[in-house]
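These notes are about the structure you will find just below.
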Amino acid sequence: MKLTMTLVAAALTVALAAPAALAFCGFYVAKADTKLFNQASQVVLVRHEDKTVITMANDFKGDPKEFAIVVPVPAVLEKGQIRIGDRALIEHLDAYSSPRLVEYFDEDPCSPRMLLESKMSAQRGAAAPSADAMAERARSLGVTIEARYTVGEYDILILSAKESAGLETWLRDSGYRLPTGASSVLGSYLKQGMKFFVARVNLIEQARLGFTYLRPLQMAFESPKFMLPIRLGTLNADGHQGLVVYALTRKGRVETTNYRTVRLPTGMDLPVYVKREFPQFYRAMFAEQVKREAMRAVFLEYAWDMSWCDPCAADPLSPEELRKLGVFWLPEGTSRGSADRPRRQPGGPVDVFVTRLHVRYDAARFPEDLVFQETADRSTFQGRYVLRHPWKGEAQCEAAERYRQSLRARAEREAGNLAALTGWPIEDIRRKAGTVPEGSPEGRPWWQRLFGE
């Protein structure tokens, strides 16, 4: 009984003391899914070798009797090649791959330990560690990530290790604060051949129903051409149209070959008030990027291995869901987290790479259908925008004074980022953020502004 109680106490202390703000992902707070856009259709393209499965969801909102769709296909399809898809699966894929907003909270600048961890967090936030790098770091410390699961509201890792010092280092580097004396306790369990169950709260809500779509149409066929016909859809269009393509492949990222594929700006720090206006921000940001590219580019919003995510805007799709979307190469009966086939990092049993492309188009600037190619590039990418909340405590130290002085410059950088992304007037941004740059007219006394001194 004593051993059991010690194990439980140690696990609770480690997990409950783990600050999510010190992880790469920060707190996930919002996503930019297709609900933010009108006149936006969604298409899931499953492609391997010459085999293609297309699932189409349209944003038609009128009387169903008035609905019709015409899609060119490479051959006469048999009845068995056509079916009705599940809209909930597309909504799940949309939520999983949506551009996202995350937030961090600055730590007490007078605490050297906190300051060190904040610096480590900033370094991790600059670029997401690849799965290979994460696994290599674990291996170098003698730690093995045996399995990765999402269960209810928790993200779970099952770890094994060769020695306690390496495990302790890996946990601390991953943002967990261990109690004093943890190393010896960890070592005693390792000697008994035990593994370690590590959990964090997953701050994800399941996507709710958005646009009123008709149920998706799904078709399967073979063709050497990897393309999506869009020209017919422009014939009766009222202005430009929007399209989000989710490409599910085996090898790597998908891109267009007859139009430029452009990565959206990502990783930018923004004023904290954007949390209240994230939908307006993302619509304006996307419109600004379309304008800069003269509506002649396809934008990459997400590229990731389906077996994991960081930060998660929704849980990855299960093998069963992926098969329903047409991923035909997964073995039948595959299930995430089974005893013999645990979910791991990229390269694990869920052998699917997802690419999310977003395009705004019309007949004049997109005169050709979209033609795609699958690349071998498995590097990860996500539209990710960051809020950093300043420390507001009563810290009294030299570091705290330097920190407070740095906040004005940081706020100005954040305002500049937002203005550059959206084209919004920076004066309006500063006013909403409650900041004024040093030396600006707004920062002078009223009588100086009155008399022009």
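The values are calculated or read from the model by the stated rules, or taken from the named source; none is laboratory data. A quick note: this is a predicted structure, and the numbers were derived from the prediction, not measured. Cβ placement follows ideal geometry from the backbone for every residue including glycine, while neighbour counts extend to all protein chains displayed. Just so you know, the surface numbers come from the protein's heavy atoms only, side chains and all, with ligands and any DNA or RNA stripped out. Shrake-Rupley method; radii C 1.70, N 1.55, O 1.52, S 1.80 Å.
Has region 242-249 got at least one residue that is surrounded by fewer than 15 Cβ atoms within 10 Å (Cβ to Cβ) and farther than 29 Å from E103 by Cα?
no
Find the helices (runs of 4 or more DSSP H) located wholly in region 397-453 whose residues include 2 or more that are at pLDDT 80 or above, and list them.
Where helices (runs of 4 or more DSSP H) fall fully within region 397-453 and carry at least 2 residues being at pLDDT 80 or above, they are 398-422, 426-433.
Quick check on this structure: which one of R263, R231, R283 is out of contact with any Ser or Thr (no Cβ under 8 Å at 6 or more places or on another chain) and surrounded by 15 or more Cβ atoms within 10 Å (Cβ to Cβ)?
R283
Going through region 286-321 one residue at a time, which ones are closer than 18 Å to V46 by Cα and open to solvent by 20 Å² or more (accessible area, probe 1.4 Å)?
If the condition is that a residue be closer than 18 Å to V46 by Cα and open to solvent by 20 Å² or more (accessible area, probe 1.4 Å), then S318, E320, E321 are the ones that fit.
Yes or no: region 86-101 includes at least one residue that is at pLDDT 85 or above, small (G, A, S) and out of contact with any strand residue (DSSP E or B) (no Cβ under 7 Å at 6 or more places or on another chain).
Yes, there is a match, as at least one residue in region 86-101 is at pLDDT 85 or above, small (G, A, S) and out of contact with any strand residue (DSSP E or B) (no Cβ under 7 Å at 6 or more places or on another chain).
As an exercise: evaluate F366 against (1) part of a helix (DSSP H, G or I); (2) farther than 15 Å from M285 by Cα; (3) modelled with pLDDT of 90 or more and give the number of the one condition it does not meet.
So the condition that F366 fails would be (1).
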